Structure formats: structure tokens, C-alpha cells
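The values are calculated or read from the model by the stated rules, or taken from the named source; none is laboratory data. Not measured: the values here are computed from a predicted model. Every residue, glycine among them, receives a Cβ derived from its backbone with ideal geometry; neighbour counts consider all protein chains shown.
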Amino acid sequence: MKNIAYILLILSLSVTSGCSWLGWGDDETTEDDTAGYTERDFYEKIQSSLNAKNWSTAISNLQLLESQFPFGKYAEQGQLELMYAQFKSAAYEDAISSADRFIRLHPQHPNVDYAFYVKGLSEISQTSGFFDNFLPTDTSKRDIGTARDSFATFTELLSRFPKSPYAADARKRLINLRNQLARAEIHAANYYFSRGAYVAAANRGRYVVENFQQSPAVPDGLAVMAQAYYMLEMQELSDNAVAVMAANYPEHPSLMADGSFDYDRRLLDAGDSFLTKITFGLIDRAEPPAFDTRYLYDRATRDAESLSDGKESQESRSVWSWLTFGLMD
């Protein structure tokens, strides 16, 4: 019993002391540790933490620097580095708040474009997860609220600072965000088809055609309009959408050889339904219309699929490779 008591005592002490035995957390800074620090001392310690990628320590020191020297020489630069450290530590909401605060307090600062840039990156990163780096994910099927926010932020960055060093990257990200927002509208239209809400589906398709004219989702937007107006018995509007599609996207799978629209085609969920299989085809429920031709019009999707096909044709991956997401192949 005495041995058990000693073991329990040792375990309790190790838990209460945390990781201090291993030397972790020694870099954490408190106000007592920085007593008597000058502004330059603070800034040099912060630079050391940033260079070492010790983001938590850098954030703590940057906050202390601002509280003790709010109007000092390094105050504004410290605010910029604070939002950067928060972004790198995945504290995206804090980074957005810090960027908004900097933009509000220093609208004429020569580096305010950087605040817009970090804010936009943080808004994009809010919906990404750890496994996005290892598994193919469709971000257009997620909540696109943050994507809209990021689109607005980068748009303002380009409109206010067209010659900013961050403009080129922001422009590329805007294109990707535009395509993502347009595809999300098509996903919504496909859902409305499944619910029989044809007016809502037609509105989504028209919104894509009118507001995302350069995106790969426009052909599907026209197809949505043609199908939805047909189901609403608004044949003239449906024919107009088909005419535009045939003139600009004649290779769209929903168009037949003579250029007419195949209203009975199901572009998604084309396989037999579960009900059809278990009844051996006696009960066949038609799937609602759904459109997704990214494999045909979206260059990024085509490149990703061709790259994936090329890898699979070269060699088959082992079970261990799949389990470790390719880290140990």
C-alpha cells in the first residue's frame, strides 16, 4: 500500500507540474519577466520569438508591448506583427479582429494593404481543416459565408491598392473564390431540384450567369435555368437558355447532337437507386436533375483528376500508404 501511495504522489506531482520537467513553456513571458524592459528590449525579444516560430510567446509579448507602449516607436509595426503571429498560430478570428482594428485606426498607414491581405487569408482559412492537406475536399459544399467575406476583403484590397505587392496573389485567390461561390450556387440549385422548388433553382442558375460570367459554373447555370423553366412550363425562357448554351457550350452533356436540351437526362446520381436495386427494378424512382460539369469546364478539376489517374496507373498504393495518408509509402 505504501508503494501505491508513493506512485500516486509522483503522478499527482507530474500532472500539476505539467510539462515543466521537460523544459516546455520556459519561453512563456509574464509581466514580471519583462519588468524594466524598454520598448526596444520588447521588440528584440519579439523578433527572436517570431524567427523561432514561437507564435504563442510572440503574441503574448506583442500584446504586452502594445499595453505598455501604446504610442511608441514600434506600436504600429507591433500591431501588424501581432495579426501575422495570430494567423500563423491558426487564431484566425483574432487575426481578423486585429486586422480590422488596424484598418480602423490607421487607414492611411503605408502598410494597411498588408492588414487587408492577412484578413482575407484568415477568412479563407477559417473553413479549412487539418485533413484538407491530405484528402480531396469540396470546399464549395461548405458554409460559404467566410468565402464571401474573403471575396469582399480581397476585392477592397485590389480596388484601393491595385499596385500593392499582395495584389497579384489576391487576384489569383479572387478567381478561386469566385469559382467556389458560383459552384456553391449550383449545389444549391441541385438541392432545390430535389425538393421540387423550381423557382428557387431557376433563380440560382440565373444568379450564376449574371454575376459569375467568367466562372466554369456558367454552363451549369444555363442548364439549371433551362431545366427549371421547362418544369415551370415557361418554355420561352427555357429555350432562350438552351440557345445561349448551344452557342457557347455546345459540348455540354445535357445537349443532344442536334443542339436540343435533354430534359430527361440526370447528370448526377445516374446509377440505380437503392430502391431500384432491392426491388430488382420493379420500382424505379427517377432522380431529380442535378448538374456538375467541373470535369469538363474547370481546369483545376481536370488537372487534379488527370494527375490522380496518372499516379494510379503508375503504381498501386499499399494499405500502409493509405492509412498514413501517403506519409509512409
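Summary of values
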read-out	value
Failed condition for D309, given (1) farther than 22 Å from A188 by Cα; (2) modelled with pLDDT of 95 or more	(2)
Single unsatisfied condition, L237 versus (1) touching a helix residue (DSSP H, G or I) at 6+ places or on another chain (Cβ under 6 Å); (2) within 25 Å of T127 (Cβ to Cβ); (3) of a type in the set (A, V, I, L, M, F, W, C)	(2)
Every residue from the stretch 241-264 that is among the hydrophobic types (A, V, I, L, M, F, W, C) and surrounded by 14 or more Cβ atoms within 10 Å (Cβ to Cβ)	A241, V242, A243, V244, M245, A246, L255, F261
A147 vs. criteria at pLDDT 95 or above, among the aliphatic types (A, V, I, L, M) and assigned to a helix (DSSP H, G or I)	no
Test result for S164, buried (at least 18 other Cβ atoms within 10 Å of the Cβ), in a loop (DSSP other than H, G, I, E, B) and modelled with pLDDT of 95 or more	yes
Failed item in (1) at pLDDT 95 or above; (2) more than 14 Å from the chain's Cα centre (by Cα), with K119 passing the rest	(2)
Criterion (hydroxyl-bearing (S, T, Y), modelled with pLDDT under 95 and either under 25 Å from H109 (Cα atoms) or crowded, with 23+ Cβ neighbours inside 10 Å (or both)) met by exactly one of S159, S215	S215
